[in-house]
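*Asks:* Below is a structure I'd like to ask you about.
We did not get these values from a lab; they are worked out from the coordinates using the rules stated. On a predicted model such as this, the values are computed, not experimentally measured, just so you know. Heads up, the Cβs are rebuilt from the backbone with ideal geometry, glycines too, and the neighbour counts pull from every protein chain shown.
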Amino acid sequence: MDCIICNSKMNAKSDWAYQCSNCNFWRSTLEPGAGRGIEGLEELRRSNFKILSDKFEELTSLSGKSCLEVGCAEGWFLDEAKARGAECIGIEPSEVSKLSQAAGHDVKVGFFPDILDQGRQFDIIIFNDVFEHLPDPVDAIKQCENYLNEDGYLILNLPNSGGLFFKISATLAKFGASSIFNRLWQKGFPSPHLTYFNERNLDAFIAKYTKLQKCKNFPLPALHTQGLKERIKTSHQGLKGQILYLGIRMGLPIIQACPSDIIVSIFQKHSGK
């Protein structure tokens, strides 16, 4: 398997996970799918969407902007963007689309970009914890450029292979302790992760396949005390889960000072004027 960013040969780290030793891009051969996310994330994601929106509005206001969220799930980001005056549309392929529709959002059931009308364009296209699930990220990023208005923005909110937990989990997996590594990839879940970027190779990826220009990058918190037990229970039950929860809860101040496992990168399509 060759790296989609630098074309180097990728090295097998397991029977399903591969790493590029040149640019540190990770890719899996896990089966893609569509399904509801992990329990216990609402407080964290709603909080992060406020931070993300504040950071974006340092560039330009959301008010009056046409915004497409790919993989909108329950509609939590759509709630935030709509409250700030954005004109929002969501795409969601799974049954969870019914929840965002019930919340009053305009949500198309299907896959990006097939469900969209040809020629339609948006001021903002955003992926919140979705891009890493796509089986063909190269085609997806090219389609994003096509569906953006001139001077429009692409926002990628995704896991970071340069984050503390990913680095620790990858190291532990080398010695046979792979449960945390598997959990970060959502191995065994309906929609596992298929790629893992960091800030540097994500920039290289965008530059290779598009003309979008980077204009902002920032981390988001990967953990929130509310909902933490529920998140851990999805993969670690019983005493093991309780110990893991207590360890993370006690170490949270230190964890929050380390490189985050979530990054946001914002790119703009320039008109060339």
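*Asks:* Taking the number of other C-beta atoms within 10 Å as the exposure measure, put Ile255, Ile168, Ile5 in order starting with the fewest.
*Replies:* By the 10 Å Cβ count, ascending, the order reads Ile168, Ile255, Ile5.
*Asks:* Just want the answer: with Cβ charges of +1 for Lys and Arg and -1 for Asp and Glu, which residue in Ile126, Asn7, Phe112 is farthest toward the dipole's positive end in the chain?
*Replies:* Final value for the positive-end residue is Asn7.
*Asks:* Nearest 5 percent is fine: what portion of the DSSP beta bridges confined to the stretch 1-132 is antiparallel?
*Replies:* Around 40 percent antiparallel, to the nearest 5.
*Asks:* If packing is taken as the mean number of other Cβ atoms within 10 Å per residue, what is the order of 172-183, 64-75, highest first?
*Replies:* Per-residue mean Cβ counts within 10 Å order the peptides as 64-75, 172-183.
*Asks:* Further, regarding this structure: Given q = 0.12, 0.14, 0.16 Å⁻¹, what are the Debye log10 I(q)/I(0) values for the chain, with equal point scatterers placed on the Cα positions and solvent ignored?
*Replies:* -0.74, -1.03, -1.37
*Asks:* Mind checking the dipole of the chain: about its Cα centre, +1 per Lys or Arg Cβ, -1 per Asp or Glu Cβ, Debye to the nearest 20?
*Replies:* Approximately 900 debye in magnitude.
*Asks:* Based on other C-beta atoms within 10 Å, arrange Phe112, Phe267 from fewest to most.
*Replies:* Ordered by Cβ neighbours within 10 Å, fewest first: Phe112, Phe267.
*Asks:* Taking the dipole about the Cα centre of the chain, with the C-beta of Lys and Arg at +1 and of Asp and Glu at -1, give me whichever of Asn157, Ile255, Gln143 is farthest to the positive side.
*Replies:* Toward the positive end, the furthest listed residue is Ile255.
*Asks:* If each residue's Cβ is checked for other Cβ atoms within 10 Å, how do Tyr209, Tyr153 rank with the fewest at the top?
*Replies:* Tyr209, Tyr153
*Asks:* What angle do you read, to the nearest 10 degrees and between 0 and 90, between the alpha-carbon axis of helix 238-250 and the longest principal axis of the chain?
*Replies:* That helix lies at roughly 70 degrees to the long axis.
*Asks:* Show that you can apply the helix-only estimate: for the chain, add -39,500 (n - 2.57) for every DSSP H stretch of four or more residues, divide by all residues, and state [θ] at 222 nm to the nearest 500.
*Replies:* -9500 deg cm²/dmol
*Asks:* Sorting check: for 90-97, 9-16, which peptide has the highest mean count of neighbouring beta carbons within 10 Å, and how do the rest follow?
*Replies:* 90-97, 9-16
*Asks:* Among the listed pairs Lys50/Lys174; Lys98/Lys142; Lys50/Lys98; Lys55/Lys167, give every one whose C-alpha distance is greater than 32 Å.
*Replies:* Going by Cα-Cα distance, Lys50/Lys174 fall outside the 32 Å limit.
*Asks:* Place the peptides 113-125, 194-206 in order of packing, highest mean first, counting for every residue the other Cβ atoms within 10 Å and averaging per peptide.
*Replies:* 194-206, 113-125
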